1. Could you tell me which of the residues Ser55, Ser2, Ser12 is hydroxyl-bearing (Ser, Thr, Tyr), without any contact (Cβ under 8 Å) to a residue 40 or more places away in the chain and closer than 15 Å to Ala182 by Cα?
2. Condition check: more than 30 Å from Met162 (Cα to Cα), within 22 Å of the chain's Cα centre (by Cα) and without any contact (Cβ under 8 Å) to a residue 60 or more places away in the chain. Does Glu97 satisfy that?
3. Please go through the range 56-74 and give me each residue that is of a type in the set (S, T, N, Q), closer than 19 Å to Arg198 by Cβ and not in a helix (DSSP H, G or I), ordered by number.
4. Is it fair to say Asp161 is farther than 30 Å from Thr72 by Cα, assigned to a helix (DSSP H, G or I), among the acidic types (Asp, Glu) and open to solvent by 30 Å² or more (accessible area, probe 1.4 Å)?
5. Of all residues in the range 1-21, which are open to solvent by less than 70 Å² (accessible area, probe 1.4 Å) and under 22 Å from the mean Cα position of the chain (by Cα)?
6. Among what's in the range 190-242 and is among the basic types (Lys, Arg) and under 25 Å from Glu25 (Cα atoms), pick the residue that is nearest to the chain's Cα centre (by Cα).
7. Of all residues being in a helix (DSSP H, G or I), open to solvent by 60 Å² or more (accessible area, probe 1.4 Å) and in contact (Cβ under 8 Å) with a residue 12 or more places away in the chain in the range 120-140, which is nearest to Met162 (Cα to Cα)? Just the residue, please.
8. Which condition does Arg82 not pass, out of (1) basic (Lys, Arg); (2) under 21 Å from the mean Cα position of the chain (by Cα); (3) surrounded by fewer than 16 Cβ atoms within 10 Å (Cβ to Cβ), if it passes all the others?
Amino acid sequence: MSLLDLLQYRRSVHYYDPDKPLDSEKVRHCLQQATLSPSSSNMQLYEFYHITDKSTLQQLAHACFNQQPATTAQQMVVFVVRQDLYRQRATEVMAMEQENVKRTSPPEKQASRLKAKERYYGWLMPFIYARCCGLLGVFRRSIALLVHYFRPMQVDVSEADMRIVSHKSCGLAAQTFMLAMAENGYDTCPMEGLDSLRVKNILKLPRGAEINMIVACGIRKDGRGIWGERTRLPFDKIYKQI
């Protein structure tokens, strides 16, 4: 399918055919494709929990208020934001990026680029993503606003701002996953109506993890699951050319 075909095919399907199981390996492959999504500074502060166990599916359906997509889902994927892993991920990404520099950069530029990666992931990213009861965010924003008066500067660096950044990157991965599923003829429904504390308890997630969304997965049953035609606001209400 073309991209337009995929976008037209993908709908939030609310009822899945119980007689049409999913191939777990295909779903796993779609999640591998989701890792190709854009991620802010390539930090990849997320995890994907692919749920196939029937008992866990039932528990998650209850935590999702027994919505029909959840109760009829053949499988689910829980997209989890892991901003608490920022130090570990910064170290891992720095190592990958430095190896990338060694493989692809001209020899005369490697030393400066390696140092730049070390500064960026060894110091800046840990500083930007660190949290401490909001205080570090206030400190970062104060510095950013001061610099902003003299030159362009990113000022949205509070702890709440960086939490939003982490969730945006995870949301991009979830969208890529849903398009990959559509390409395989599989259906999905992203769900944000859920008891996040129950979900974290079911999956035994640490305190610092946050639920971005749960995506119910299955194959639509003919005549059920899609609520009429897709409706959108007129494009000229949204599109602004300057």
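1. Numbers: Ser55 fails: closer than 15 Å to Ala182 by Cα; Ser12 fails: without any contact (Cβ under 8 Å) to a residue 40 or more places away in the chain.
Residue meeting the stated conditions: Ser2.
2. Numbers: more than 30 Å from Met162 (Cα to Cα): no; within 22 Å of the chain's Cα centre (by Cα): yes; without any contact (Cβ under 8 Å) to a residue 60 or more places away in the chain: yes.
So Glu97 does not fit the description; no.
3. If we filter the range 56-74 for residues that are of a type in the set (S, T, N, Q), which is where we start, we get 56, 58-59, 66-68, 71-72, 74.
Applying the additional criterion that residues be closer than 19 Å to Arg198 by Cβ yields 56, 58-59, 66-68, 71.
Asn66, Gln67, listed by residue number.
4. Details: farther than 30 Å from Thr72 by Cα: yes; assigned to a helix (DSSP H, G or I): yes; among the acidic types (Asp, Glu): yes; open to solvent by 30 Å² or more (accessible area, probe 1.4 Å): yes.
When the stated conditions are applied, Asp161 passes them.
5. Residues of the range 1-21 that are open to solvent by less than 70 Å² (accessible area, probe 1.4 Å), as a first pass: 2, 6, 9-17.
Correct list: Leu6, Tyr9, Arg10, Arg11, Ser12, Val13, His14.
6. Per the criteria, the residue is Lys200.
7. First pass over the range 120-140, keeping only residues in a helix (DSSP H, G or I): 120-129, 135-140.
Retained after the next criterion (residues that are open to solvent by 60 Å² or more (accessible area, probe 1.4 Å)): 120, 123, 135, 138-139.
Now narrow it down to the ones that are in contact (Cβ under 8 Å) with a residue 12 or more places away in the chain: 120, 138.
Numbers: Tyr120: 16, Val138: 12 Å.
Among those residues, the one meeting the criterion is Val138.
8. It fails just one condition, (3).
The values are calculated or read from the model by the stated rules, or taken from the named source; none is laboratory data. This is a predicted model, so every value here is computed, not measured. We place every Cβ from the backbone using ideal geometry, glycine too, and count neighbours over all the protein chains shown. Accessible surface areas use protein heavy atoms only, side chains included; no ligands, DNA or RNA. Shrake-Rupley method; radii C 1.70, N 1.55, O 1.52, S 1.80 Å.
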